[in-house]
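Visitor: One structure follows; several queries about it will come next.
The values are calculated or read from the model by the stated rules, or taken from the named source; none is laboratory data. It should be emphasised that the depicted structure is a prediction, and the values quoted were computed from it without experimental measurement. Positions of Cβ are generated from backbone atoms using ideal geometry, with glycine treated the same way; all protein chains shown enter the neighbour counts. Please note that ligands, DNA and RNA were not included when accessible areas were found on the heavy atoms of the full protein model with its side chains. Shrake-Rupley method; radii C 1.70, N 1.55, O 1.52, S 1.80 Å.
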Amino acid sequence: MEYRKIGNTDMRVSTLSFGASSLGGVFHSLKESEGIKAVHAAVENGINFIDVSPYYGHLKSEILLGKALKEIDRNKYYLSTKVGRYGKNGINLWNYTAKKAKESVYESMERLNVNYIDLINVHDIEFADLDQICNETLPALVELKKQGIVGYVGITNLTLRHFKYVIDHVPSGTVDSVLSFCHYCLNDDALVDYLDYFEANGVGVINASPFSMGLLTERGTPDWHPAPKPLIDVCQKAAQHCQSKGKSLEQLAVKYAISNPRISTTLFSTTRSEAVLQNLQWAEEPLDIQLLAEVQDILKSRFRDTWLNS
């Protein structure tokens, strides 16, 4: 397993890391014991960065992850969670006030059975007033950082330009990292356009979803996926092409996502320990340059197509 530093932090994290969204039954139903087993498999096999949010499963992910973490030495992993986006009784909620942000951190620590958070993120800033993020939410989290309650502060989003707006409008060093999803994968590498900017500002980069939320899988795109149909169609063609050659689109997707040394880590999510081990195996295999060129040619007509966050 390769480890890379996140920006100017002291966190050296595995290039492939565990996203706990699936533990909330966000994508599929799950058995609690299987979810716990998946977390244990990740840490036991070298993954040392885990990301979650109170929004995932409307608290369920944090609760289940907390049960799994009870049995793991706290020194074996870095833990990342979020504030700002929540849910209750099946309804999504947003609250980016300083008061709620601070309360949320302490509530997350209780659910997760820890006494500090390594990285606290403002979740999906595109749903907020960006000036409120700059002037209220982030200062509240920086205060917790000064108190030693959290180690570092980050922001997450789908729309890349919002990262720049926030970083440009807060004091230097406020934002330690960004978490971007679906913008460094086989069908979309838009994240690379911002790497120079992030590095110039000392901001570490976390990538999420090597399979682009299911687009880049042999199983096929889930019904709920917000991608436009032409993009879904070419991704299916790419999967079929790989199958015809006895190759795996998923393996190519994982290896490509972790191949850029300027990106600290890539998050994947699963509830199955078998899938954890499979992803780790794929990460160790060489990048098939010829297959990559063929898949990129198939995807080029819809390359960098994106969608609105939901």
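Visitor: Loop only per DSSP, at most 10 neighbouring Cβ atoms within 10 Å: give me the chymotrypsin sites (Phe, Trp or Tyr not before Pro) in region 147-246, ordered by residue number. List each step's numbers first, then the result.
Guide: Values: sites: Tyr152, Phe163, Tyr165, Phe181, Tyr184, Tyr194, Tyr197, Phe198, Phe211, Trp224; in loops: Tyr184, Phe211, Trp224.
Within region 147-246, the qualifying chymotrypsin sites (Phe, Trp or Tyr not before Pro) (loop, at most 10 other Cβ atoms within 10 Å) are Trp224.
Visitor: Figure the gain on full extension for Phe127 and Asn89 (residue separation times 0.36 nm, minus the Cα-Cα span) and round it to one decimal in nm. Intermediate results must be reported in sequence, preceding the final value.
Guide: Details: separation 38, 0.36 × 38 = 13.68 nm, distance 1.98 nm.
That pair, Phe127 and Asn89, stretches by 11.7 nm at full extension.
Visitor: When the scattering of region 195-310 is computed by the Debye formula from its Cα atoms alone, each counted once and equally, what is log10 I(q)/I(0) at q = 0.12, 0.15, 0.20 Å⁻¹?
Guide: Summing over Cα pairs of region 195-310 leads to -0.46, -0.73, -1.23.
Visitor: So which GluC sites (Glu not before Pro) in region 47-120 end up in coil per DSSP with only 14 or fewer other C-beta atoms within 10 Å? If you can, show how the numbers build up before the last one.
Guide: Details: sites: Glu62, Glu71, Glu103, Glu107, Glu110; in loops: Glu71.
Listed in order of number, the matching sites are Glu71.
Visitor: Based on the alpha-carbon gyration tensor of region 3-109 and its eigenvalue square roots a ≥ b ≥ c, which shape applies: rounded if a/c is under 1.5, prolate if not and a/b is larger than b/c, or oblate? Each step should come with its number before you reach the end.
Guide: Working: a/c = 2.03, a/b = 1.22, b/c = 1.66.
Oblate shape, in that a/c is at least 1.5 and b/c is the bigger or equal ratio.
Visitor: Under a 10 Å cutoff between Cα atoms, tell me which one of Gly46, Gly148, Gly214 has the largest fluctuation in the Gaussian network model of the chain.
Guide: Among Gly46, Gly148, Gly214, the largest GNM mean-square fluctuation belongs to Gly148.
Visitor: I'd like to check one number: the per residue accessible area of region 52-149, probe 1.4 Å, reported in Å² as a whole number. All intermediate terms of the calculation are to be shown ahead of the outcome.
Guide: Numbers: 4340 Å² over 98 residues.
I get 44 Å² per residue for region 52-149.
Visitor: For region 56-111, state which trypsin sites (Lys or Arg not before Pro) are in a DSSP loop and have at most 15 other beta carbons lying within 10 Å of their beta carbon. Before the final figure, lay out the partial values.
Guide: Working: sites: Lys60, Lys67, Lys70, Arg74, Lys76, Lys82, Arg85, Lys88, Lys99, Lys100, Lys102, Arg111; in loops: Lys70.
Filter output for region 56-111: Lys70.
Visitor: For region 66-179, what is the relative contact order in percent, using Cα pairs closer than 8 Å and at least 6 residues apart in sequence?
Guide: On the way: 178 pairs, mean separation 28.5, N = 114.
In percent, rounded to a whole number, it is 25.
Visitor: With just the Cα atoms of region 149-221, tell me how far they stretch along each of the three principal axes, in Å, largest first.
Guide: 44, 30, 16
Visitor: Hey, another quick one. Only four residue types carry charge here, +1 at the Cβ of Lys and Arg and -1 at the Cβ of Asp and Glu. Report the dipole size of the chain about the Cα centre in Debye, rounded to the nearest 20. Spell out each step's value before the answer.
Guide: Numbers: 32 positive and 37 negative charges, 86 e Å.
So the magnitude is around 420 debye.
Visitor: Measure off 7 Å from each Cα along the Cα-to-Cβ vector at Ser33 and Gln147, then give the distance between these two points in nanometres to one decimal.
Guide: The modelled label-to-label distance comes out at 4.0 nm.
Visitor: Can you tell me how much longer the chain between His241 and Arg12 gets when fully stretched, taken as 0.36 nm per residue apart minus their C-alpha distance, in nm with one decimal?
Guide: On the way: separation 229, 0.36 × 229 = 82.44 nm, distance 3.64 nm.
Taking His241 through Arg12 to full extension adds about 78.8 nm, to one decimal.
Visitor: Just the number, please: carbon plus sulfur as a percent of the accessible area of region 145-227, 1.4 Å probe, no ligands or DNA/RNA counted.
Guide: On the way: 1480 of 3050 Å².
In region 145-227, the share of accessible area belonging to carbon and sulfur is 49 percent.
Visitor: Describe numerically, in nm with one decimal, the distance between label points set 7 Å from Cα along Cα→Cβ at Asp196 and at Arg74.
Guide: Each label point is offset 7 Å from its Cα along the Cβ direction, giving 4.3 nm.
Visitor: Let me ask something else about it. Grab the other residues whose beta carbon is less than 13 angstrom from that of Gln240, score K and R as +1, D and E as -1, and report the net.
Guide: Values: positive: Arg219, Lys237, Lys245, Lys247; negative: Glu218, Asp233, Glu294.
Counting the neighbours of Gln240, the net charge comes to +1.
Visitor: Which residue fluctuates the most in the chain, going by a Gaussian network model with Cα springs under 10 Å, if the choices are Asn89, Asn121, Asn135?
Guide: Its mean-square fluctuation being the largest, the pick is Asn89.
Visitor: While we're on this one: With a point put 7 Å past each Cα toward its Cβ, work out how far Ser301 is from Glu107 in nm, to one decimal.
Guide: With each label point 7 Å from Cα toward Cβ, the separation is 4.7 nm.
Visitor: Need one word for the chain: rounded, prolate or oblate. Basis is the Cα gyration tensor (sqrt eigenvalues a ≥ b ≥ c); a/c below 1.5 gives rounded, then a/b vs b/c decides. Spell out each step's value before the answer.
Guide: Numbers: a/c = 1.58, a/b = 1.34, b/c = 1.18.
Prolate shape, in that a/c is at least 1.5 and a/b is the bigger ratio.
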